[in-house]
Amino acid sequence: MSIQITAAFDSGNIIVEEINGTSATLSIRKDKDSTFFQWFHFRVSCAVGSNLELHITGLKDSAYPQGWPGYNACVSEDRDFWGRADSSYDENSGTLTVNYTATSNIIWFAYFAPYSMERHHDMIAEIASVEGVTCRTLGHSLEGQPIDCLEMGEGDKQVWLYARQHPGESMAEWWMEGALDMLTDSADPVARLLLQKCRFHIIPNMNPDGSRRGHLRTNHVGTNLNREWHEPSAEKSPEVLCVRNAMDESGVDFAIDVHGDEAIPAVFIAGFEGIPSWTDDMGRKYNAYRDRLATRTPDFQTQLGYPTAPKGKANLSMSTNQLAERFGAIAMTLEMPFKDNRDMPDPEQGWSPERCQLLGAECLATLAEQIDDI
Ligand code: ZN
């Protein structure tokens with residue numbers, strides 16, 4: 001009996017080229033109106049004990065070919081615990097081969113542990129019901145989905161946390177879950193301190209259309225939202241327009257834009273060096289935050305990361321640069337790996353939802369240490 005494969009569900013993405021017994025030849029669908037592709041998420045039906053051999057082809061043309069060497073696909077049998085399946089990448093053919101022995105009839109594979117829109121709505125409903133929390137719908141995506149913003153805290157420091165501009169970076173919303181659970185834990189003294197000193201504006205998902213469609217990087221019309229912050233439009237990027245308008249009302253003192261990186265096996269942040277109105281004092285505060293975070297958690301490091309922009313050469317279409325320039329905010333892009341943390345590897349799970357959640361709480365605890373200097 002041959003295996004069966006489908007991706008007809010929230011954030012599903014795979015094209016079945018051929019199935020032969022327990023092996024399959026697959027490829028990844030491009031983001032709509034775009035050339036980006038890298039995210040996959042599909043379900044395999046099979047007999048218990050099947051030795052699955054799944055060949056994901058055409059990856060030389062994927063958005064980040066360097067994401068595949070050293071990468072193991074995420075796999076789950078209960079859609080709760082996500083482990084890793086042994087995978088190998090052939091650079092000559094651009095094929096990732098995933099091997100897995102099924103111990104259930106239904107196996108789920110994904111580029112990273114998925115975070116569905118249904119789970120998003122469950123999380124928003126749960127957090128919005130906590131005393132002191134309000135949920136604002138800042139606007140709507142092109143397909144009419146809400147851009148949800150959770151707000152809490154009585155302080156005057158305006159803190160904006162936002163995730164999943166790139167919808168395939170599902171680790172970003174797992175990070176949000178950890179941050180929100182920490183902030184709404186009434187027994188947590190660090191959370192209580194932060195809520196005294198800050199007003200939080202938290203957007204767990206900036207790109208619901210791309211998320212539901214199983215995109216890597218763009219929205220319904222192929223727009224990369226993190227290249228729109230200098231001039232967002234209702235036609236191409238209403239998701240950014242409504243958020244930036246809300247930021248203009250509140251101001252921004254501190255911001256984290258949460259992402260995942262396909263190639264680099266580490267957690268790191270990128271800042272706003274190169275903005276026209278850079279000051280050394282802004283740089284000092286940014287560096288202090290980075291160094292404190294590295295002290296707090298071994299899952300964060302400062303060796304691997306992106307090169308910094310030369311003086312005056314920052315790309316103001318990206319949110320971190322735009323917020324630092326526009327508001328004088330201490331702003332940063334947080335990147336987590338699709339692969340694993342090279343320094344603290346976990347062969348069973350690699351980088352995982354659980355580690356994203358812990359990091360979310362650590363990032364807030366680091367902010368608490370430094371809040372009077374922000
Ligand atoms: Zn990203």
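The values are calculated or read from the model by the stated rules, or taken from the named source; none is laboratory data. What you are looking at is a predicted structure, and each value in this text was computed from that prediction instead of being measured. Cβ atoms come from the backbone with ideal geometry, glycine included; neighbour counts cover every protein chain shown.
Scanning region 306-335 for residues that are in contact with a helix residue (DSSP H, G or I) (Cβ under 6 Å, 6 or more places away or on another chain), in a loop (DSSP other than H, G, I, E, B) and closer than 16 Å to Gln158 by Cβ turns up just one, Ala329. Got at least one residue in region 263-280 being hydrophobic (A, V, I, L, M, F, W, C) and out of contact with any Asp or Glu (no Cβ under 9 Å at 6 or more places or on another chain)? Within region 263-280, one or more residues are hydrophobic (A, V, I, L, M, F, W, C) and out of contact with any Asp or Glu (no Cβ under 9 Å at 6 or more places or on another chain).
When you scan region 172-180, do you find a residue that is away from the ligand (no atom under 15 Å from the Cβ) and among the aromatic types (Phe, Trp, Tyr), even just one? No, because not a single residue in region 172-180 is away from the ligand (no atom under 15 Å from the Cβ) and among the aromatic types (Phe, Trp, Tyr). Within region 238-266, residues that are more than 18 Å from Trp174 (Cα to Cα) and of a type in the set (Asp, Glu) reach partners that are more than 12 Å from the ligand (Cβ to nearest atom) and not in a strand (DSSP E or B) with beta carbons closer than 7 Å, at six or more positions or on different chains, in the pairs Glu239/Ser141; Glu239/Asn219; Asp253/Ala329; Asp253/Ile374.
If you go through region 115-122 one residue at a time, do you hit one that is more than 19 Å from the chain's Cα centre (by Cα) and closer than 26 Å to Glu354 by Cβ? No, region 115-122 contains no residue that is more than 19 Å from the chain's Cα centre (by Cα) and closer than 26 Å to Glu354 by Cβ. Of the candidates Thr366, Thr302, the single residue that is of a type in the set (Val, Ile, Thr), under 16 Å from Ile269 (Cα atoms) and surrounded by fewer than 18 Cβ atoms within 10 Å (Cβ to Cβ) is Thr302.
In region 1-64, counting only strands (runs of 3 or more DSSP E) that sit wholly within it, the ones holding 2 or more residues that are without any contact (Cβ under 8 Å) to a residue 24 or more places away in the chain span 15-20.
Conditions (1) β-branched (Val, Ile, Thr); (2) in contact (Cβ under 8 Å) with a residue 60 or more places away in the chain; (3) on the phi < 0 side of the Ramachandran plot, marked per residue:
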| residue | (1), (2), (3) |
| --- | --- |
| Gly70 | no, yes, no |
| Cys74 | no, yes, yes |
| Glu77 | no, no, yes |
| Ser88 | no, no, yes |
| Thr95 | yes, no, yes |
| Tyr100 | no, no, yes |
| Ser104 | no, no, yes |
| Phe112 | no, yes, yes |
| Arg119 | no, no, yes |
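The single residue among Arg213, Arg199 that is in contact with a strand residue (DSSP E or B) (Cβ under 9 Å, 6 or more places away or on another chain), at pLDDT 95 or above, of a type in the set (Lys, Arg) and more than 21 Å from Thr35 (Cα to Cα) turns out to be Arg199. Looking only at residues that are aliphatic (A, V, I, L, M) and assigned to a strand (DSSP E or B) in region 191-224, which one is nearest to the chain's Cα centre (by Cα)? Here the answer is Ile203.
State yes or no: is Asn219 surrounded by 24 or more Cβ atoms within 10 Å (Cβ to Cβ), more than 23 Å from Leu180 (Cα to Cα) and either in contact with a strand residue (DSSP E or B) (Cβ under 7 Å, 6 or more places away or on another chain) or not charged (D, E, K, R) (or both)? So Asn219 fits the description; yes.
Taking first residues from region 173-202 that are surrounded by 20 or more Cβ atoms within 10 Å (Cβ to Cβ) and partners that are of a type in the set (Lys, Arg), the Cβ contacts under 7 Å between residues at least 6 apart in sequence or on separate chains come to Glu173/Arg164; Cys198/Lys157.
Scanning region 209-247 for residues that are within 16 Å of the ligand (Cβ to nearest atom), more than 26 Å from Ile14 (Cα to Cα) and basic (Lys, Arg) gives a single hit, Arg227.
Of everything in region 123-164 that's touching an Asp or Glu at 6+ places or on another chain (Cβ under 7 Å) and within 16 Å of the ligand (Cβ to nearest atom), which residue is nearest to Asn13 (Cα to Cα)? Among residues in region 123-164 that are touching an Asp or Glu at 6+ places or on another chain (Cβ under 7 Å) and within 16 Å of the ligand (Cβ to nearest atom), the one nearest to Asn13 (Cα to Cα) is Arg164. The number of residues in region 273-305 being within 16 Å of the ligand (Cβ to nearest atom) and touching a helix residue (DSSP H, G or I) at 6+ places or on another chain (Cβ under 8 Å) comes to 0. Quick one: would you say Gly274 is surrounded by fewer than 16 Cβ atoms within 10 Å (Cβ to Cβ) and touching a residue at least 12 places away in the same chain (Cβ under 8 Å)? In short, no.
Within region 277-288, being outside any helix (DSSP H, G or I) and crowded, with 16+ Cβ neighbours inside 10 Å holds for one residue alone: Trp278. When you look at Thr137, is it part of a strand (DSSP E or B), surrounded by fewer than 20 Cβ atoms within 10 Å (Cβ to Cβ) and of a type in the set (S, T, N, Q), yes or no? The answer is yes for Thr137.
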